[in-house]
Amino acid sequence: MSFPKPNIAAVLETAKAQVTVKERPIPTPGSHELLVLNHAIAANPVEWRIQDFDFLVTKYPNVLGSDVCGTIVAIGDGVTRFKVGDRVTGFAAVIYNSDIDHGAWQTYTLLRDIGTTKIPDSMSFEEGSVFPMGFATAAMALLQNLGIPRPPGPLPADMKDTALLVWAASSSVGCSGIQIAKALGLPVYAVCSKKNHAYVKSLGATETFDYHDPDVVSKIVDIAKKNGVSITKAFDTISEHGSFQLVADVLVRGGKGGALATVLEWPATDPKPEGIDISMTYALRTGTDLPEFGAWLFNDWLADALEKKIVVPAPKIQIVGGGIGAAQKVYDMLRPGVSATKLVVKV
């Protein structure tokens, strides 16, 4: 089979190495796999962390990255829901299978069918690239760790008059969490920089709070009480700079305890508050021990939500020039953090 381009890849030759841009073979899809010609790649903070701290990925040389969007150019055996020519976005599996062919930062990426979503014709590839990692992480946190029902619901009786707290709500994962909760009719109390309040409200946040405010915990608790709402479920989408304890304090001071999902492990040196169920969420479980959940999320719900515009691309996209050759530049841009922004390259 002939393909229109060579496979240019941003390769980590060894653990903690800088990126080397080189040509590598075009992968062949196996059972339940798709070969996608990437048109856009979106970056995630986990990529610079893997490069700096050498975790998750166990084989080198390798290609990092989880978020791709493009067109299917070949399919493997057993693929029934997709065909060559489909426009798709997908969660590249390298972070849980360490297979270089499943890394995002190359011209062609293998996707598993259970981690792939068709995108509407009206959506650009750049817009489509922002979804996979963010939605996998948020969906796992809300619908698995916190036990919230899958959208469209309905919400159970014990969640009546409750709200979800989302800390770092303008992040990619936070924006995804807001939109999942909105699809369920679950009010969201969103914490982020004040400059992003209007943006997260446009995505569905009910109340907004500034995490720079030293009284932010008291204000969240007070507004919830004023509104007759209990906050018993919370999602800390950054899990840094003391956010763990602040989010837990909201649940404790609300008086009813509850559940807290995080994206990093609770610090071993910090005592855990009593009455709070704290668990770390793992996006990769959508492709490991919860494949039915992954298939429901990517093949069914997200595809339908995009078509019906229940979900929109978020956060805002910043195009970084240079294509795949800009991979190291993008990792370096992510290292100090970005606000309400998803870094994307065109391929």
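Rule-based calculations on the coordinates, nothing more; no lab input. Please read all numbers here as calculations on a predicted model, not as lab measurements. For neighbour counting, all protein chains shown are included, and Cβ atoms are generated from backbone atoms with ideal geometry for every residue, glycine included.
If you take the square roots of the eigenvalues of the alpha-carbon gyration tensor of region 252-347 and sort them as a ≥ b ≥ c, do you get rounded (a/c under 1.5), prolate (a/b over b/c) or oblate? Because a/c hits 1.5 or more and a/b fails to exceed b/c, region 252-347 counts as oblate.
If R0 is taken as 35 Å, the Cβ-Cβ distance between Asp270 and Ala17 corresponds to a FRET efficiency of 0.55. Per q in 0.21 1/Å, what log10 I(q)/I(0) does a Debye calculation on the alpha-carbon atoms of region 50-142 return? Evaluating at q = 0.21 Å⁻¹ gives log10 I(q)/I(0) of -1.07. Dividing the summed -39500 (n - 2.57) terms of all DSSP H runs of n ≥ 4 by the residue count of the chain sets its mean residue ellipticity at 222 nm at -6500 deg cm²/dmol.
Rounded to whole Å, the principal axis extents of the Cα atoms in region 135-281 read 39, 31, 30, largest first. From the alpha carbon centroid of region 134-167 to that of region 220-276 is 15 Å. One way to sum up the overall shape of the chain is the equivalent ellipsoid from its Cα gyration tensor, whose semi-axes run 35, 21, 18 Å, largest first.
Cross-link pairs exceeding 25 Å in C-alpha to C-alpha distance, out of Lys59/Lys272; Lys256/Lys309; Lys309/Lys329; Lys5/Lys329, comprise Lys59/Lys272; Lys256/Lys309; Lys309/Lys329.
Using Cβ contacts closer than 10 Å as the measure, can you line up Ser218, Ser2 from fewest to most?
Working: Ser218 13, Ser2 4.
With the fewest neighbours first, Ser218, Ser2 line up as Ser2, Ser218.
As a length-normalised measure over Cα pairs under 8 Å and 6 or more apart, the relative contact order of region 1-138 settles at 28 percent. Could you pull out every one of the aspartates and glutamates with an alpha carbon less than 15 Å from that of Lys194, ignoring same-chain neighbours closer than 8 positions? Qualifying aspartates and glutamates at Cα under 15 Å: Glu207, Asp210, Asp213, Asp215. Largest GNM mean-square fluctuation among Ala17, Ala92, Ala326, using the chain with Cα springs under 10 Å: Ala17.
When the Gaussian network model of the chain links Cα atoms closer than 10 Å, the mean-square fluctuations of Leu290, Leu142, Leu110 top out at Leu290.
Put a dot 7 Å past the Cα of Lys329, heading toward its Cβ, do the same for Lys201, and the two dots end up 3.6 nm apart.
Over the Cα atoms of region 1-112, compute the convex hull volume and normalise it per residue, giving Å³. Write down the numbers at each step before the final one.
Numbers: hull volume 10.0 nm³, N = 112.
Considering the Cα atoms of region 1-112, their hull volume per residue is 89 Å³.
Where Lys and Arg each count +1 and Asp and Glu each count -1, what net charge lies around Gly228 among other residues with Cβ under 11 Å from its Cβ? Intermediate values should be presented prior to the final figure.
Working: positive: Lys160, Lys225, Lys226; negative: Asp161.
After counting each charged neighbour, the total is +2.
Restricting the calculation to alpha carbons of region 159-209 gives Rg and Dmax of 9.6, 31 angstrom.
Using the Kirkwood radius over Cα pairs, work out the Stokes-Einstein diffusion coefficient for region 262-312 at 20 °C and 1.002 mPa s, in µm²/s as a whole number. Mind dumping the intermediate values first?
Values: Rh = 13.6 Å.
It diffuses with D of about 158 µm²/s by this estimate.
If you count, for each residue, the other Cβ atoms within 10 Å and average over each peptide, how do 189-197, 77-85 line up from highest to lowest?
Values: 189-197: 21.7, 77-85: 12.2.
Highest-to-lowest ranking by the protection proxy: 189-197, 77-85.
On the basis of the beta-carbon distance and an R0 of 22 Å, Lys219 and Val338 show a calculated FRET efficiency of 0.30.
Pull up the DSSP beta bridges for the chain and report the antiparallel fraction as a percent, rounded to 5.
Of all bridge pairs located within the chain, approximately 55 percent are antiparallel.
Sorting the segments 31-37, 163-169, 304-310 by their mean number of nearby beta carbons within 10 angstrom, highest to lowest, gives 163-169, 31-37, 304-310.
Could you compute the net charge surrounding Leu110? Neighbours are other residues with a C-beta less than 13 Å from the C-beta of Leu110; K and R count +1, D and E count -1. Please report the intermediate quantities before stating the final value.
Working: positive: Arg24, Arg112; negative: Glu33, Asp99, Asp101, Asp113.
My count for the surroundings of Leu110 gives -2.
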